[in-house]
Every structure is written in structure tokens, then in C-alpha cells.
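The values are calculated or read from the model by the stated rules, or taken from the named source; none is laboratory data. Predicted, not measured: the structure shown is a model, and the values here were computed from it. Backbone-built Cβ (ideal geometry, glycine too); neighbour counts: all protein chains shown.
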């Protein structure tokens with residue numbers, strides 16, 4: 001018969017998608033019934049399809065909430081302490097490759113008394129950057145509008161800090177004393193390494209770029225983890241709890257630490273967002289198209305005025321800067337920069 | 001596969017910790033298997049809320065009887081428990097509802113033994129979808145992950161519906177080659 005004319009994969013796809021016509025549907029059924037091989041092929045494609053459906057369903061299930069539900073029934077309701085938390089993180093990392101030495105952590109009594117921790121918080125206002133050294137010798141650079149809290153004395157088990165905003169870390173190497181950066185609902189687990197973590201609360205992504213060494217990015221419920229190697233970036237989406245890895249040139253991501261503002265084919269809305277923090281000003285994009293312009297430039301120690309001038313020279317943009325007006329309590333309002341599309345003339 | 005090879009050692013250690021009432025390890029095992037088991041149960045029960053209840057009750061039972069458990073592999077232990085409870089549930093439903101003699105589709109028998117964990121499945125799928133040609137990948141994502149209808153995709157990308165279908169069938173053809181080992185591999189391992 002002349003059945004070879006039709007594309008069987010197309011028929012199967014349209015059956016799976018539910019868009020198949022009744023003629024095609026009959027054709028497909030005949031093809032499937034023809035041979036055992038055909039039957040198997042068809043059922044394998046269905047299973048393949050199913051795999052993606054399962055994946056999608058799984059993404060929607062919240063194991064954290066479920067665990068809370070059963071744990072309140074099983075255990076005395078209590079807050080999960082930092083120790084139990086880190087233990088959990090440590091445990092998930094062990095799942096793929098079990099290392100006997102770390103099992104040691106498990107065997108210890110979980111109800112060990114925890115020492116009260118005293119925390120320091122380092123904070124940089126908008127428009128400023130700073131650097132500091134942690135109790136273990138780890139160096140941290142904090143970008144504008146960022147906050148880092150860390151205990152005055154790290155616990156003997158791990159070094160845990162929490163970050164809001166962007167920071168660059170040079171962690172002192174100590175394999176037995178893991179370093180943990182907690183931000184939003186994500187963690188970066190480190191033994192000794194250099195990396196940049198961008199976790200401003202208003203962004204939907206947390207981006208970790210590894211310069212040297214090795215880190216593992218883990219979500220809060222410790223169900224998803226990804227290892228990073230140098231020149232890789234992990235983008236963690238806070239809402240979907242997904243981690244995507246990509247190859248990057250770290251230079252752009254860490255330039256800020258040496259006072260450079262670097263843009264490499266970045267969209268204007270990202271450029272504007274960085275400039276806002278860098279110069280502590282507010283931008284208003286007046287013409288929507290501007291947001292999608294792609295921009296490449298490096299600024300070193302330039303004033304806002306110069307940056308804006310360069311921006312308007314190299315992109316079809318013009319700008320206006322508002323005067324700072326005095327507010328009632330003798331403070332000044334933020335400067336507002338308005339961006340317009342340049343008219344064609 | 002790497003996970004399966006090391007599974008035996010891993011499970012033994014984890015079971016030991018649970019026997020010693022280590023809540024942290026219990027939670028870890030819960031987080032690792034929970035969503036996969038719910039989806040597994042859901043294939044039998046066709047009701048996510050009940051499936052969640054069933055899986056939760058399996059874990060509660062595990063904790064309550066932890067001192068006497070004898071588990072060699074979490075995977076087969078959980079599958080067995082969840083499957084039994086699902087069947088119990090279906091039976092009780094049939095008793096309640098005599099006229100509803102819904103028999104699970106035969107497809108489910110094929111899917112029966114596939115238990116994936118979120119981490120495993122995400123890794124696997126991400127890698128294989130990443131290998132699709134860009135256009136094909138975009139259309140596949142839109143269809144499978146953004147739940148767009150064929151007509152909507154065609155509309156957005158200004159192409160014909162037929163082209164959308166062709167791209168998806170192309171994607172499936174490529175993904176099949178990438179994933180076929182896993183499809184049959186699992187079926188072999190867990191049918192026992």
C-alpha cells in the first residue's frame with residue numbers, strides 16, 4: 001500500500017498534541033496495528049511524552065509544604081535551626097556521591113545544644129561599594145545597596161553568611177569547614193573559591209558566577225542542586241525554583257569590584273537598573289522601545305553626567321536630569337533621570 | 001545511572017540514620033522522593049490531592065516504624081508502599097461506588113515502574129532539551145512548558161500550525177534518541 005507517503009512522526013506528534021484529524025487518526029491506528037515494531041515505537045513515543053508531563057507535574061508539587069504538614073504531626077512543632085538546615089544541605093550534596101567521612105555529621109546527635117550566635121551586618125548604601133574581611137579571613141566586596149550578615153564567630157561546623165544584594169567572595173580554603181552563602185531561597189555551598197553572587201531581592205533571578213574553584217548551588221528545600229565550574233553562571237529562578245547553567249565571561253560580572261561598570265550587549269533596562277544603584281538615582285524610561293536597546297560599554301570612575309553623555313552618544317537616546325528638590329525634613333529627593341528616544345532628525 | 005550505582009551504599013547509610021531518629025536525614029529523603037512519588041501515585045489514582053495524602057502517609061508510617069524497618073532500596077520500598085496504598089484506595093472507591101468500574105488504562109501498566117525524582121528528571125530533561133536546534137527547542141518549550149496551544153504558538157511565531165507540529169515531531173524524534181536508554185532502562189530495573 002502507499003502508506004509510506006505520510007510522515008509517521010508527524011502523525012504521532014499530532015495524536016499526542018490532540019490535534020489529529022479523524023482521517024489521520026485512522027491512518028495512525030492502522031500503522032500501529034501493522035507490526036509489533038510499530039506498536040513499540042508508538043508506545044515509546046507516548047512514554048517519552050509522558051516523561052515531560054511528569055516533569056511538569058513535579059515542578060508544581062511543593063514538598064516543603066508537605067513536609068511541614070507531616071512534621072508537625074510527627075515531631076513536636078519546632079523551628080528548624082540553622083544546624084538542621086545545614087545538615088540537610090550537606091545531606092543532599094551527599095546523595096549522588098556518598099563520602100564516608102561526611103557521614104560523621106549524621107551520626108551526631110541532632111539535639112545538640114546550639115550556642116547563641118551574635119551577628120554582624122555590613123551594609124552599603126546605594127551609590128557606594130565596600131569591602132570587608134570575615135572572621136575566617138574570607139574577603140568580601142559588597143556592591144551598592146547590599147547587605148551581608150555573618151556571625152562574629154563562625155560555628156565550628158560551617159561558615160554561614162546571608163546576603164541581600166550583590167557580593168564578590170574570595171573564600172579562604174578549608175574543605176572541612178564549608179562556607180555557605182544564603183540568599184533568598186537559595187544557597188551556595190563552597191569549600192574555598194572565588195565567585196560573584198548577585199541576589200538583589202527585587203530581581204527574580206539569583207545569579208552566581210564562578211571565577212575559580214568549585215561551588216554548588218542548592219535551593220532552599222535542598223531538592224535541586226547544581227555544581228558550577230569556573231566561567232560558569234548559575235541562574236536560580238526564585239519563583240520556579242529552577243537552576244539553569246550557562247558559560248559566561250566572568251569579567252563583566254565582577255568588574256564592579258574594581259570600580260568598573262561594564263556592559264556587554266546588555267539590554268537597556270538592565271543597564272538602567274545598574275546605574276540606579278551605582279549612582280543612587282532613579283531612571284524613568286519614557287519611550288518603551290528604549291528598554292530593549294542593547295548596549296556595550298565600560299565606565300571607569302566616571303561621573304553620572306559623563307556616563308549619560310556617552311550613553312546618548314552611542315545609543316539613540318536623549319536624557320534630562322531633574323533638579324533635586326528639598327523634602328520637608330531637610331533631606332533631598334533622589335535625582336531623576338528621564339530617558340527619551342532620540343527623534344530621527 | 002550514576003545515582004543508581006551508588007544507591008545501594010547510600011540507602012544503607014540513610015536507613016541507619018533514620019533508624020537512629022535523625023530527622024534531618026528523614027527530611028532529606030522526603031524531599032528527594034516526595035514529588036516523584038506523588039506523580040507516580042497520581043498516574044494510578046488520577047487525583048493529585050489524594051496522591052499527596054497517600055505519599056505523606058507512607059512517609060509517616062516509615063518514621064513511626066523506623067526502629068524495625070528493613071529497607072535495602074528506598075526506591076523499591078516506596079514504590080511498593082505507594083502502589084499498595086493506591087490499590088487499596090481504588091478498591092475502597094469501587095466498593096463505595098459500585099457502578100463506577102473504571103479500570104486504570106493499560107498505559108499505566110507500562111508507566112507503572114517508572115519512578116523519577118525531581119532532580120534526576122530535571123537534569124536529564126534539561127540536558128536533552130538543550131541539545132535541540134534552537135527553533136525546535138523554542139517551540140517544544142512553548143508547547144510542553146508554557147502550555148500554549150498549537151494555534152497560539154503558530155500565532156505568536158507567525159508560522160503555520162502544520163510547521164509547529166512538524167517542529168514538535170522533530171523534537172520528539174531527537175529526544176527519543178537521547179532518552180530511549182532511560183525509558184527502557186528503568187522499565188527493566190524496576191519490574192520485579
Exception for residue A:252 within (1) surrounded by fewer than 14 Cβ atoms within 10 Å (Cβ to Cβ); (2) part of a helix (DSSP H, G or I) falls at (1)
If you go through B:122, B:184, B:192, the only one that is modelled with pLDDT under 90, within 24 Å of the chain's Cα centre (by Cα) and in a loop (DSSP other than H, G, I, E, B) is B:192
Those residues of the range B:13-39 that are over 12 Å from residue B:74 (Cβ atoms) and either in contact (Cβ under 8 Å) with a residue 40 or more places away in the chain or more than 7 Å from chain A (Cβ to nearest Cβ) (or both) come to a total of 6
Screening A:45, A:26 for residues that are part of a helix (DSSP H, G or I) and closer than 30 Å to residue B:130 by Cα leaves only A:45
Here the qualifying pairs (Cβ atoms under 6 Å; residues six or more apart or on different chains; first in the range A:311-323 and over 14 Å from residue A:272 (Cβ atoms); second part of a strand (DSSP E or B)) come out as A:318/A:340; A:320/A:338; A:322/A:336
In the range A:23-36, anything over 20 Å from residue B:166 (Cβ atoms) and away from chain B (no Cβ under 14 Å) is listed as A:26, A:29, A:30, A:33, A:34, A:35, A:36
(1) within 14 Å of chain B (Cβ to nearest Cβ); (2) assigned to a strand (DSSP E or B) all hold for residue A:188 apart from (1)
Picked from the range A:255-265 (must be without any contact (Cβ under 8 Å) to a residue 60 or more places away in the chain and either surrounded by fewer than 18 Cβ atoms within 10 Å (Cβ to Cβ) or part of a loop (DSSP other than H, G, I, E, B) (or both)), the residue nearest to the other protein chains (Cβ to nearest Cβ) is A:265
Among the residues of the range B:163-181, the number that are surrounded by fewer than 13 Cβ atoms within 10 Å (Cβ to Cβ) and either modelled with pLDDT of 90 or more or under 17 Å from residue A:42 (Cβ atoms) (or both) is 1
**Message:** Residues that are in contact (Cβ under 8 Å) with a residue 24 or more places away in the chain, under 19 Å from residue A:198 (Cβ atoms) and crowded, with 16+ Cβ neighbours inside 10 Å: does the range A:298-306 have at least one?
**Reply:** yes
Among strands (runs of 3 or more DSSP E) entirely within the range A:109-180, at least 3 residues that are modelled with pLDDT under 80 and surrounded by 16 or more Cβ atoms within 10 Å (Cβ to Cβ) occur in none
Picking from A:238, A:247, the residue that is within 25 Å of residue A:273 (Cβ to Cβ), without any contact (Cβ under 8 Å) to a residue 24 or more places away in the chain and in the same structural domain as residue A:121 (by TED's automatic domain parsing) would be A:247
Within the range A:52-68, residues being in a helix (DSSP H, G or I) and more than 7 Å from chain B (Cβ to nearest Cβ) number 6
